[in-house]
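Below: one structure, written as structure tokens.
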Amino acid sequence: MMIKTIVITILLLSSLGAGEQIGLFANVINVEKDDVLNVRAKPNYRSKKTGSFDPDGYMMVDYCKKVGKSNWCKVSPDPLMDRGGRGWVNAKFLKFKDSGYVNIKNRKNQCFYSLECKVRSGKSQCLVVTKLLGGTETTGLKKEWIDRRLLTPTSNFGAMFSDGDGYCVTGRYIYDYLDRVKLDKFAKKHTEDAYYRAIGILKHLSTMDDEWIVAHIHPTKGVILTENVIFGGEADIRFSRKDIQEISKTRNTKLYWGKTYGKGDDRWMSLYTYLKNLTRPIHKITKIEILKSHKGFKDSPNTKQMGYEIYWIDEDSDVKEYSYLGLVIIVEKYKNEWYVVGMIRDRWTI
């Protein structure tokens, strides 16, 4: 087990590259709740402080560069929030995000929207949607790979058409279209009714729509959830439809979910947080498989059940067999309808 840990650590470190971060936006991480992330006039801890971000702060990233052994990024706050500061922060306190509205140098604003950024042929580039085909009833997207240096991250107000007023809403239509295309692809393989129930709850988990999530849960049994990667342990918790219905009211009420792997630390989180962390974007699903074994979920007598696993795999990772998240959904037939009776997050763990 220790050998596996060492090998994986080396592989992960080697996949980080030379240190350049190409994300357009970032959230603050690794900062205590009672602390702040300071912004400096220069990429140096001793430089003059120009502002600070809260532990959950969100910012625009101009660019990043290597300074000594550290990576520093020049950032500015979201113009709508106007909280934080303009200047430099250490990249180790940032979680980068590629998607969002951008402006392109020497082009008029057209609600341009970045989907992802990566290094291609040695250059940092971002895939930007430059036009929606079909308008709000989107039938296609015009996309271009654009040099990261030509992009300026902005808000839905800042990206608005140069000759228009208001704000951009194209992001919503882009993801609706991408989600639809991805699910249409899987629908060619899965035509069973049970599948549509599993996909139904997936859609509503992505928006945390508690009313519709409840509608997919078994009326009498509720749903079993666990922080383990299989069912059947002491950490299993059964929640009723009423529990799910009140997730917004109880979002600050932390529950005990057992101990972490490895360290054995106690795990505490609210039901709302658990459900919110179950999924990733629908359009980034890699594959959906029918499970032969239901991950330890015990079949009830005289009931028909189906199990599905939805995978999000980092295809760009050098260790993608470990760089994945899975969502296991168990559905059961009740009065000629399928309902969700179990869900877990599946991921590689030591």
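At a glance:
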{"read-out": "Value at 222 nm in deg cm²/dmol, rounded to 500, when DSSP H runs of n ≥ 4 in the chain each add -39,500 (n - 2.57)", "value": "-5500 deg cm²/dmol"}
{"read-out": "Relative contact order (%) - criterion: Cα under 8 Å, at least six apart; region: the chain", "value": "12 percent"}
{"read-out": "Order of M269, M59 - criterion: other Cβ atoms within 10 Å of each residue's Cβ, fewest first", "value": "M269, M59"}
{"read-out": "Segment 275-333 and segment 93-149: distance between their alpha carbon centers, rounded to Å", "value": "30 Å"}
{"read-out": "Loop-resident sites, segment 27-62, for chymotrypsin sites (Phe, Trp or Tyr not before Pro), counting at most 12 other Cβ within 10 Å (DSSP)", "value": "Y45"}
{"read-out": "Listed peptides 199-210, 286-297 by packing density, highest first (mean Cβ within 10 Å)", "value": "199-210, 286-297"}
{"read-out": "Loop-resident sites, segment 76-131, for trypsin sites (Lys or Arg not before Pro), counting at most 11 other Cβ within 10 Å (DSSP)", "value": "K105, K108"}
{"read-out": "Violating pairs (Cα-Cα greater than 26 angstrom) within the set K118/K188; K95/K263; K259/K284; K221/K249", "value": "K118/K188; K259/K284"}
{"read-out": "Cα-based shape type of segment 189-347, given that a ≥ b ≥ c are square roots of the gyration tensor eigenvalues and the cut on a/c is 1.5", "value": "rounded"}
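Values in this text are rule-based calculations from the coordinates and carry no lab data. Predicted, not measured: the structure shown is a model, and the values here were computed from it. Counting neighbours? That spans all protein chains shown, and the Cβs are built from the backbone with ideal geometry, glycine included.
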